[in-house]
Amino acid sequence: MKRIIVGILALSLLLGCISEQKEEVKYTINITGLAEGKLTLTDLKAMPSEEFNAILVKSTGTEIENSWKGVLLSNVLQKYNVTPDYVTFVAIDGYMSTMELSDLGNAYLCYEMDGKDISQEDGGPIRLVITDQPGKLWLKFLKEIKLLGKENSIIIKGKTKVTLVLTEEDLDLFDQKSITTEYKGETKSFEGVSVTALLNRARYEEDAEKIKFTTADEYTIEFDFDEIFSNEDILITKEFRLIMPGYESKYWAKDLREIEVL
Amino acid sequence: MKKFLSIFLLFIILGCTEEWNFYIIDDNVKEYSLSELKNFETDVIYETVVGKEIRKVKWEGVASNTLGEGDIINYISEDLYLVSAPYNVDVILAYKKEGENILKEEGGPLKIAVDPNYGCKCNWLKYLKIVEFINSKNSLSIYGEVTNILYFSPRDLNVFYSIEDIIENRYNRVSLNKILDKAIYKDKAEKITFVTENDRKTFDLHEIKNIDPEVIYEEGFNIPSLNLENIIAIKIE
């Protein structure tokens, strides 16, 4: 009888381990953008890890200290041999945050909190922890890490309160606008996102005076900020093309990569 | 016994009919009840909730940008928490979750539900009392190395006192440290820049914190002790 019980117990433990193993393999973070790949919990646990204490500062000002175990983001990037300018973190529940790489020196992909696997309630199994950034950026239920640079996105920066880094698919998150206008002597229709909407989302600074558009081949054009901001028909298409109704064709920049508010 | 039952019933009825009032502020202040809000056109925001399974939760309410004009909307809770969001972000004044009234422990009866593509869950302000439409050019914003980017209308200097003070627009001054604390600046922040229409003046953040000057609204946001007039923004670096 003893043997049977011990046998059943051993089998259960073995099955338990296998099922846990399967669970770890199943949970995957997609790496997209400048490098492509899949990072499982098992992959992450096999990488050099660090244990540390960190204080989560909530947007109400409340502070919560916990111990964490995880892998430095820079080690993960090294694995993919890539140095993006910006990184967007996407969670299963739809929340996302984009940060400049220079602000992510203390970013970790964590899988343990207070000595235990991170529970679902606490955002596990993998949670982003950035020890020197506010808690609202410590994304739970991480599912995707987008690696961004001028190669695959438009950056809106300068005199803005938020830096926006937008891929082609991010432009879909904004209202699309269609216009019909003259271009090189022909009447054509274009669809895209209004530059005004993007500037509103980036929260331009109140003393903004100029706006500069830069293309992939470093061609730049500069305008008065108010002139562009007040014209809601100026669009950016999914192909990152600047649509400038009423302006000469030389201003219709292709392969736009940067909008800088000055 | 009958008397006891009657009193009990009366309590239940009073409990059920307890009304939640809130204010919409643009050029004027208007008070609304939750019942009145329910007469407006309904909008919906879906939230993805991760539990044993991933499911969509339906929040119903009224789109805030159908209730006024501005380029920023401020939301203020009963406990004076402040969220500033751009006008064109999808936000609803939510009074129903999955078809039921929102429970008190979830921030009901009135809270805001925000498009998940914008920011974090911390924007889902509970116990909503004030919706204020702001023109950013007439406000004082605080941004940079802060947790919360905020816009203060002159009236919002009262957010450090009480809902009633905001409604009455009772005070026109507050200590700068209170504004900084509301925005929660990051530990690494070292400089503070005051942006006026034509100028920017930068100071050491810690020195200014020690001085804790008063911000006064008098036809513009001013800090007399630093000789600063018509401040439109504060940038923390």
| said: Just to be sure I understand, how many residues within region B:73-91 are of a type in the set (V, I, T), touching a residue at least 40 places away in the same chain (Cβ under 8 Å) and surrounded by fewer than 23 Cβ atoms within 10 Å (Cβ to Cβ)? | reply: 1
| note | When (1) within 14 Å of chain A (Cβ to nearest Cβ); (2) closer than 30 Å to B:N210 by Cβ; (3) without any contact (Cβ under 8 Å) to a residue 60 or more places away in the chain are applied to B:C120, the one that fails is (2)
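Only one residue in B:I232, B:I179 is within 23 Å of the chain's Cα centre (by Cα) and either small (G, A, S) or in a strand (DSSP E or B) (or both), so which one is that?
So the residue among B:I232, B:I179 that is within 23 Å of the chain's Cα centre (by Cα) and either small (G, A, S) or in a strand (DSSP E or B) (or both) is B:I232.
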| field | Leading residue by the ranking (farthest from the other protein chains (Cβ to nearest Cβ)) among those in region A:72-94 that are open to solvent by 20 Å² or more (accessible area, probe 1.4 Å) and assigned to a loop (DSSP other than H, G, I, E, B) | value | A:N81
| Does any residue in region A:151-180 that is on the phi > 0 side of the Ramachandran plot come within less than 7 Å, Cβ to Cβ, of a residue that is assigned to a loop (DSSP other than H, G, I, E, B) six or more places away or on a different chain, and which pairs are these? | A:G158/A:L262
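Can you find a residue in region A:252-259 that is closer than 23 Å to A:K150 by Cα, within 14 Å of chain B (Cβ to nearest Cβ), free of Cβ contacts under 8 Å to residues at least 40 places away in the same chain and not in a helix (DSSP H, G or I)?
No: region A:252-259 contains no residue that is closer than 23 Å to A:K150 by Cα, within 14 Å of chain B (Cβ to nearest Cβ), free of Cβ contacts under 8 Å to residues at least 40 places away in the same chain and not in a helix (DSSP H, G or I).
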| said: Scan region A:119-129 and tell me whether some residue there is of a type in the set (A, V, I, L, M), open to solvent by 20 Å² or more (accessible area, probe 1.4 Å), closer than 21 Å to A:A54 by Cα and under 16 Å from the mean Cα position of the chain (by Cα). | reply: no
| message | So, in region A:61-71, exactly how many residues are surrounded by 14 or more Cβ atoms within 10 Å (Cβ to Cβ) and either among the β-branched types (V, I, T) or within 11 Å of chain B (Cβ to nearest Cβ) (or both)? | response | 1
| said: So A:E218 passes all but one of these: (1) in a loop (DSSP other than H, G, I, E, B); (2) surrounded by 15 or more Cβ atoms within 10 Å (Cβ to Cβ); (3) of a type in the set (D, E, K, R); (4) away from chain B (no Cβ under 11 Å). Which condition number does it fail? | reply: (2)
| How about region B:204-222: which of its residues are within 14 Å of B:L180 (Cα to Cα) and not charged (D, E, K, R)? | B:L205, B:H206, B:I208, B:N210, B:I211, B:P213, B:V215
| said: Condition first: aliphatic (A, V, I, L, M) and over 12 Å from A:V87 (Cβ atoms). Now tell me which residues in region A:126-178 satisfy that. | reply: A:I126, A:V129, A:I154, A:I155, A:I156, A:V162, A:L164, A:L166, A:L171, A:L173
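So, B:D204, is that one of a type in the set (D, E, K, R) and open to solvent by less than 10 Å² (accessible area, probe 1.4 Å) or not?
no
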| task | Answer with yes or no whether B:V114 is more than 30 Å from A:I126 (Cα to Cα), in contact (Cβ under 8 Å) with a residue 60 or more places away in the chain and more than 9 Å from every other protein chain (Cβ to nearest Cβ). | result | no
| query | Within the group B:P109, B:P154, which residue is more than 14 Å from chain A (Cβ to nearest Cβ), closer than 30 Å to B:R173 by Cβ and open to solvent by 30 Å² or more (accessible area, probe 1.4 Å)? | reply | B:P154
| request: For B:I76, indicate whether it is closer than 27 Å to A:E232 by Cα and part of a strand (DSSP E or B). | output: no
| request: Looking only at region B:28-57, count how many residues are of a type outside the set (S, T, N, Q), open to solvent by less than 70 Å² (accessible area, probe 1.4 Å), in contact (Cβ under 8 Å) with a residue 12 or more places away in the chain and within 14 Å of another protein chain (Cβ to nearest Cβ). | output: 3
| said: Out of B:I232, B:I167, B:I142, I need the residue that is away from every other protein chain (no Cβ under 12 Å), at pLDDT 95 or above and out of contact with any His (no Cβ under 7 Å at 6 or more places or on another chain). Which one? | reply: B:I167
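The values are calculated or read from the model by the stated rules, or taken from the named source; none is laboratory data. What you are looking at is a predicted structure, and each value in this text was computed from that prediction instead of being measured. Note: ideal-geometry Cβ built from the backbone for every residue, glycine included; neighbour counts use all protein chains shown. Keep in mind that these areas ignore ligands, DNA and RNA; they rest on the heavy atoms of the full protein, side chains included. Shrake-Rupley method; radii C 1.70, N 1.55, O 1.52, S 1.80 Å.
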